[in-house]
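S.K.: Before I ask anything, here is the structure I am working with.
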Amino acid sequence: MNIKLLLRILGAILLVEAAAMVPALLISLGYGEGDAMAFVWTILLLVLIGTPLRLFIKPEQTNLRAREGFLVVSLAWVFMSIFGALPFIISGVIPNFADALFEAISGFTTTGASIMTQIEGQPHGIMFWRSFTHWIGGMGVLVLTLALLPQMSGRTSHLVRAESPGPTLSKIVPRMGDTAKILYLIYGALTILEFLLLMLAGMNAYDAAIHAVGTAGTGGFSNYAASVGHFDSALIDAIITVFMVLFGVNFVIYYKLLTRDFADIKANEELKWFLSLYGVITLIVTLITLPDYGNVFTSLRYASFQTASIISTTGYATADFNLWPVAARMLIFLTMFLGGCAGSTAGGMKICRIGMLSKQALREVRHTVQPRKAMVVRFEGKAVDESVLRQVFTYAFIYILMMIAGGFLLSLEGKYDVQTNLTAALTCVSNVGPGLGEVGPAGSFAGYSALSKLLLSFMMLAGRLEIFPMLALFHPAMWRK
């Protein structure tokens, strides 16, 4: 185990987090609401710890092995979340450590589940930091660090692979540092575009920034208790709906769009699956809720927004779908499993895995009819390796097992019903945000005990890091020399 290299990388990540807190500090100073010192002390602590680790530790070997890559990614997200919780604690907005850690992890993992019951009236700097954690975690903490510090280590593909959303790693250009820069340029450009459009639609600069970074990271923290529904604007709903869908698409698609590789975009199977599923689910929810809203345009407005929010795992809301008919709620529940495309900022199981599992199931059905015929699963026009199919199946099994086990453990408290506990576990491992019942769009996770919040925090981290890096922390081989 190359401990020195791990410490050096962690030092770089802590310095990046310190820099990421500067915008929130400036906002705090601008509004003068007394929360600035919470950022000052946290930034000083991050610099005091990160600088020696980054500058004075000199590893003999600069190449990371796969095991070390998984370990440093897991530890990076844990430490980022712990330090990210400090402004909440120091400012007094969330004085309880378990609650503050839950909120920070929910932010960085772009889940958007919250323990806060009082949203309005909180310091502007703290609320901006709460939403900005979505933007930091959306593309990936290590990807951000690589974009800023491309010479962080000699071999960095293991780092990105460990936090990359999807079963395979997509490199735009040969050098991973250059790939990280391109991804963040696209990410930043789309965020700025949404920010400008929201301002044109009537939001002030602060509200537009909060909701732009929240949409970009597919996180869903809002500075209003009614979320996006606070604005009661069809135009704002439409803008955020479009961008939730856009941020659920693989960012490689946008690079191909810029390089005019239209043929490859047209042939992209995962994109077709994602847009088709979104369209079909929106249509069905529109028809189910039509009697409640009275006309097709109103029903379509709310159905398209909520469906985009759930399938992209953003978590914003313009309607309380807890009040929708049972069939619509069931469809929302099933959509929580899907998620967006691999290589996007969305959570969930990912559309490519859903596609591969569907084709594998179809192959097994055909095999019972034609047992001697050789059949292969093809996705994106290529034969899928059997090892990838095994990995996808294993991932799906553990994913569902975590949801069921999490729901059961939450039920031991005896506070909430099956619907609340099961969807609380699912929405955390899927990084969606709102669930059903007491944790729905109008509710919160505040009622759970500290132990349950720590369990849900682990599930959010596991879901964001594609499960295996977090589970690997508990394997003895991970810690052997």
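S.K.: Taking the stretch 402-419, which residues are more than 20 Å from the chain's Cα centre (by Cα) and in a helix (DSSP H, G or I)?
M.R.: Answer for the stretch 402-419, where residues must be more than 20 Å from the chain's Cα centre (by Cα) and in a helix (DSSP H, G or I): Ile404, Ala405, Gly407, Phe408, Leu409, Leu410, Ser411, Val418, Gln419.
S.K.: Could you list all residues from the stretch 1-34 that are in a helix (DSSP H, G or I) and charged (D, E, K, R)?
M.R.: Lys4, Arg8, Glu17
S.K.: Within the stretch 382-396, does at least one residue satisfy the condition of being under 18 Å from the mean Cα position of the chain (by Cα), in a helix (DSSP H, G or I) and either buried (at least 16 other Cβ atoms within 10 Å of the Cβ) or not small (Gly, Ala, Ser) (or both)?
M.R.: Yes, the conditions are met somewhere in the stretch 382-396.
S.K.: Going by the conditions given, is Ala147 buried (at least 19 other Cβ atoms within 10 Å of the Cβ), in contact with a Lys or Arg (Cβ under 6 Å, 6 or more places away or on another chain), modelled with pLDDT under 75 and more than 27 Å from Ile236 (Cβ to Cβ)?
M.R.: In short, yes.
S.K.: Have a look at Tyr254, Tyr224, Tyr206, Tyr187 and point out the one that is of a type in the set (Phe, Trp, Tyr), under 30 Å from Leu389 (Cβ atoms) and at pLDDT 90 or above.
M.R.: The conditions single out Tyr254.
S.K.: Turning to a different aspect of this structure: Restrict the check to the stretch 150-161 and report whether at least one residue is aliphatic (A, V, I, L, M), modelled with pLDDT of 80 or more, more than 24 Å from Leu471 (Cα to Cα) and not in a helix (DSSP H, G or I).
M.R.: no
S.K.: Then there is this: Got a number for residues in the stretch 422-481 being of a type outside the set (Phe, Trp, Tyr), more than 19 Å from Val78 (Cβ to Cβ), at pLDDT 85 or above and assigned to a loop (DSSP other than H, G, I, E, B)?
M.R.: Total satisfying the criteria: 14.
S.K.: With respect to Leu71, determine if the residue is at pLDDT below 85, of a type in the set (A, V, I, L, M), touching a strand residue (DSSP E or B) at 6+ places or on another chain (Cβ under 9 Å) and on the phi < 0 side of the Ramachandran plot.
M.R.: no
S.K.: Right, here's the next one. Working only within the stretch 355-380, note down all residues that are of a type in the set (Gly, Ala, Ser) and not in a loop (DSSP other than H, G, I, E, B).
M.R.: Gly355, Ser358, Ala361
S.K.: For Gln419, all conditions in the list (1) farther than 22 Å from Thr314 by Cβ; (2) surrounded by fewer than 23 Cβ atoms within 10 Å (Cβ to Cβ); (3) of a type in the set (S, T, N, Q) hold save one; what is the number of the exception?
M.R.: So the condition that Gln419 fails would be (1).
S.K.: Which residue, of Thr110, Thr117, is modelled with pLDDT under 95, surrounded by 23 or more Cβ atoms within 10 Å (Cβ to Cβ) and either within 23 Å of the chain's Cα centre (by Cα) or not in a helix (DSSP H, G or I) (or both)?
M.R.: Thr110
S.K.: Between Lys453, Lys415, which is under 30 Å from Ser227 (Cα atoms), charged (D, E, K, R) and touching a residue at least 40 places away in the same chain (Cβ under 8 Å)?
M.R.: Testing whether each residue is under 30 Å from Ser227 (Cα atoms), charged (D, E, K, R) and touching a residue at least 40 places away in the same chain (Cβ under 8 Å) leaves just Lys453.
S.K.: Another question, if that's okay. Return the pair list, or none, for Cβ contacts closer than 6 Å from residues in the stretch 243-271 that are over 23 Å from Phe305 (Cα atoms) to residues that are in a loop (DSSP other than H, G, I, E, B), at least 6 apart or on different chains.
M.R.: Val252/Ser170; Val252/Gly343; Tyr255/Ile172; Glu269/Glu380
S.K.: Restricting attention to the stretch 15-35, does a residue exist that is touching a Pro at 6+ places or on another chain (Cβ under 6 Å) and surrounded by 18 or more Cβ atoms within 10 Å (Cβ to Cβ)?
M.R.: yes
S.K.: Go through the stretch 195-239 and give me each residue that's part of a helix (DSSP H, G or I), closer than 21 Å to Gly443 by Cβ and among the aliphatic types (A, V, I, L, M).
M.R.: Ile210, Val228
S.K.: Just to be sure, is Leu198 surrounded by 22 or more Cβ atoms within 10 Å (Cβ to Cβ) and modelled with pLDDT under 95?
M.R.: For Leu198, the condition - surrounded by 22 or more Cβ atoms within 10 Å (Cβ to Cβ) and modelled with pLDDT under 95 - is not met.
S.K.: From Ala308, Ala317, grab the single residue that is outside any helix (DSSP H, G or I) and either under 24 Å from the mean Cα position of the chain (by Cα) or surrounded by 15 or more Cβ atoms within 10 Å (Cβ to Cβ) (or both).
M.R.: None of the other options fit; the residue is Ala317.
The values are calculated or read from the model by the stated rules, or taken from the named source; none is laboratory data. No experiment lies behind these values; they were computed from the predicted model shown. Because the Cβ atoms are built from the backbone with ideal geometry, glycine has one as well, and the counts that use them run over all protein chains shown.
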